[in-house]
Every structure is written in C-alpha cells, then in structure tokens.
Amino acid sequence: MACKVSVMLMATIAPAEWQDSDLDDGVDDFVPLTPEQIAAVKAANPVSTPWWVIAGQALVGSVIVGLAWLLFGGVIAKSVLCGVLAVVVPAALFVRSLTSKFSKSSPGSAVISFFVWELVKIFVTLGMLFAAHRWVADLSWLAMLAGLAITLKVYWLALAFRRKRQLVRLS
C-alpha cells in the first residue's frame, strides 16, 4: 500500500503599494540615554507607592470615626468604622497583592493578578458590608455608607496632592 505525502510550500506575500511608507526610509534620530541621564530622570520623577493612599484612607477614616464618636456617640462611630474598614482592608489586600513578586513575574501574570485581586477586593468589600450588622448592634446604615463614601474619596485627594513631575533637560 502506497502512502502519498503532500508538501505545501509557503510563500511570502509582498506588501501592496499602499502599505509602503516613507517613514522607514529616513535616518533614525533616536539616541539612547546615558546612565547619568537615566539617573537624572529617575531622581526628578520618583515612583510613588500605593501604600500612601492606604495610609491616607486609614488616617481620614480614623478622623471621621473620632468625630462621629464625639458628635454622635459609640453606635454611630462603630457604624462609620465598619464603612471605613470596608474600604481600607480590601484596598490593603489589593495593594499587597499587586506589590508581590508573583504579580511582577511577567506581564501576563500581572494582568491576571490585577483582575483576580480586584474581584477579591469587591467580594471582601461586599462581605464586610453585609456582615456589619452582625458586628454592630443597632447598626446605622447611613453612617456606615457615609464612612465608606468619605474614605473612598481619599483616592481623589491622593491624586490631587501627588507630586508634580519635573521636566529634565538632557544635554
């Protein structure tokens, strides 16, 4: 019994006239930076850490819990605390996961890690909000949501007070 084998040759298709561009014909003006220039750019624009946002949320949260305690009493303050914790704890989990070595190992794992931990953050937040009535007797939902909303606004404060980027002249 004879066996036939067919071989398929692949050819390269030449680009059409409309696909040619004059951009590739010119001389490259790109000059790589020297190590000194790279150091100057990094020194002028330091990387900010997301932990500052978490610290800011915790600070603002403790201030509003203290104010609630002084103005309205313990039950309202505990309700506000539940709202603050429903923001700070999941955000801290999320930042911890994004700054781990696993999430930095490859671009693909970083993307997957981001989405998985964002989902974990949402579920932890919802779980803490739904469990708050078991933690605090006579929970004030309005106070809890006020604590949650005020603490969430710290993200905007972090963006507003972020250090401005500096222009670096490279000679």
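Nothing in this text is a laboratory measurement; each read-out follows from the coordinates by a stated rule. As the structure is a computational prediction, the values presented were derived from the model and not from experiment. Counting neighbours? That spans all protein chains shown, and the Cβs are built from the backbone with ideal geometry, glycine included.
Brief remarks on what is shown
- Where labels lie 7 Å past Cα in the beta-carbon direction, separation of residue 116 and residue 131 in nm: 2.1 nm
- Residue-span extension gain [residue 63 to residue 75] - 0.36 nm each, minus C-alpha spacing: 2.7 nm
- Fewest-first ordering of 144, 128 by other beta carbons within 10 Å of each residue's beta carbon gives 128, 144.
- Alpha carbon convex hull of the range 47-96, volume per residue in cubic angstrom: 46 Å³
- Each of 118, 36 has some number of other Cβ atoms within 10 Å of its Cβ, and from fewest to most they run 36, 118.
- Residues listed by number, the range 48-89, amide nitrogen under 17 Å from residue 142 label point at 7 Å toward C-beta: 68-69, 71-81, 83
- By other beta-carbon atoms within 10 Å, ranking 95, 63 with the fewest at the front produces 63, 95.
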